[in-house]
1. Of (1) surrounded by 21 or more Cβ atoms within 10 Å (Cβ to Cβ); (2) facing another protein chain (nearest Cβ under 9 Å); (3) under 18 Å from the mean Cα position of the chain (by Cα), residue B:111 satisfies all except one. Which?
2. Condition first: touching a strand residue (DSSP E or B) at 6+ places or on another chain (Cβ under 9 Å), within 14 Å of another protein chain (Cβ to nearest Cβ), in a helix (DSSP H, G or I) and surrounded by 15 or more Cβ atoms within 10 Å (Cβ to Cβ). Can you find one or more residues in region A:170-177 that meet it?
3. Report, by residue number, each residue of region B:128-147 that is in a helix (DSSP H, G or I), modelled with pLDDT of 90 or more and over 21 Å from residue B:170 (Cα atoms).
4. Any residue at all in region B:184-207 that is within 23 Å of residue B:81 (Cα to Cα), touching a helix residue (DSSP H, G or I) at 6+ places or on another chain (Cβ under 9 Å), within 14 Å of chain A (Cβ to nearest Cβ) and part of a loop (DSSP other than H, G, I, E, B)?
5. Under 14 Å from residue B:15 (Cβ atoms) and not in a helix (DSSP H, G or I): is that true of residue B:68 in this structure?
6. Across region A:124-161, what is the total count of residues that are in contact with a strand residue (DSSP E or B) (Cβ under 9 Å, 6 or more places away or on another chain) and either modelled with pLDDT of 95 or more or at negative phi (or both)?
7. For region B:98-108, enumerate the residues that are within 22 Å of the chain's Cα centre (by Cα) and within 7 Å of chain A (Cβ to nearest Cβ).
8. Can you name the residue in region B:47-65 that is in contact (Cβ under 8 Å) with a residue 12 or more places away in the chain and part of a helix (DSSP H, G or I) and, of all such residues, is surrounded by the fewest Cβ atoms within 10 Å (Cβ to Cβ)?
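The values are calculated or read from the model by the stated rules, or taken from the named source; none is laboratory data. Values in this document were obtained by computation on a predicted structure and should not be read as measured data. When we count neighbours, we look across all protein chains shown, and the Cβ atoms used for this are built from the backbone with ideal geometry, even at glycine.
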């Protein structure tokens, strides 16, 4: 066989392996979830009680925990990632300061999540505790709010670095067209740059969300790991809780019978689907955006 | 001269250390079409962009000297106001892709948040599109996106957008270089009609175009204004040997 052919086949083979791995993971997740699906049914998703000792498994508290931490993190992170995108994309696109800032922001994504967990535990938790004492909720320090704060920092680079790139891509004739009509810089940003990049910026937010939903280590360290839902909204936000990822991380070592372990794996399956779907939608929007 | 609309004296412009417009003095009269020509890199586009202060939007770009709109010094006026009074049409048609034809025409008002009655706005749209010789072609599709139009129509839409602001002067930066010959001639025809109300300053690469459309021609070379005279005079008997060489095609 000719070397050209061999080389090409090696490339194809390597690529196919990666696809197979993802499919393999999905198959394992589904297969291992079967005992749980069989014994718990679809009610697993909205069961409010998670009590492995009595063999009762309900995913609802973790769904709520995951969605709440992620969305609060998203809301906190959006102003930062948009501000950074606009500043580094439009106001200061070149030069050492711009590069320094852009690299620093990208570095945020490179810091191992255990370090965020540590930092949160030793620095953020005491501050939150004081804050919670002041507003009159039980001063746990750990919980959904604290996790969301750390998550917000961790996900900023995903939306921001895409946002910077997209805003730099806005054709300058368009911006000049607006300037030539007497628009101010703010008006150019509002009426030309924002409409032009809106869908792309939204895709960046979706990528951030995908990252937030699945983040495990830092959240596990900060969320408090309680599988019961608080009764009031205030206690829910500021009290300890659990996400799908954190409950899996915490409990899989002690899952001592089939249904327990299978229920955890089913949680993983749900998480897998949610993050994959969100990422796919995000990528789809980006592709459509960059093709235009 | 009371009819002078735009005048420069000892006007200079730089990109960083690069001196691109050197000591230019010129007086441009009302309701004339002025062609600005010269080889690439001669500073003609930069000079044009200085007139409505677009030059300074580029980081590192500076300008010095006197440049007046009537009796007012452009560089002490609010740049926003300068750009209301001095409109601009670019090399490539650049209608706003997210706006309809209608909204593109009134984009200048909308961008600046100026509120106005629907009827007034309709009126401005019709008038501007008519002046830009586009009304008949688009009057039934005003709410379609401007980017669906052909290149020549898009450029006329951009002209309508500039006219809508009722400027004194309209600057054209090689307005037909991205257009096919038919669209080019329709835009050139428009210049003759527009000069009844406005003063037009057109940067062009194309000498035939300068000869066809302009009353007066300015020839730039290496940042200097070499010659500024009636177009006929300039093309038949230029007074400077550099102009002569350029016109006869000895360099380009």
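1. Among (1) surrounded by 21 or more Cβ atoms within 10 Å (Cβ to Cβ); (2) facing another protein chain (nearest Cβ under 9 Å); (3) under 18 Å from the mean Cα position of the chain (by Cα), residue B:111 violates only (3).
2. Looking through region A:170-177, at least one residue is touching a strand residue (DSSP E or B) at 6+ places or on another chain (Cβ under 9 Å), within 14 Å of another protein chain (Cβ to nearest Cβ), in a helix (DSSP H, G or I) and surrounded by 15 or more Cβ atoms within 10 Å (Cβ to Cβ).
3. If the condition is that a residue be in a helix (DSSP H, G or I), modelled with pLDDT of 90 or more and over 21 Å from residue B:170 (Cα atoms), then B:136, B:137, B:138 are the ones that fit.
4. no
5. Spelling it out, it is not the case that residue B:68 is under 14 Å from residue B:15 (Cβ atoms) and not in a helix (DSSP H, G or I).
6. So the answer is 5.
7. Answer for region B:98-108, where residues must be within 22 Å of the chain's Cα centre (by Cα) and within 7 Å of chain A (Cβ to nearest Cβ): B:107, B:108.
8. Looking at residues that are in contact (Cβ under 8 Å) with a residue 12 or more places away in the chain and part of a helix (DSSP H, G or I), I get B:56.
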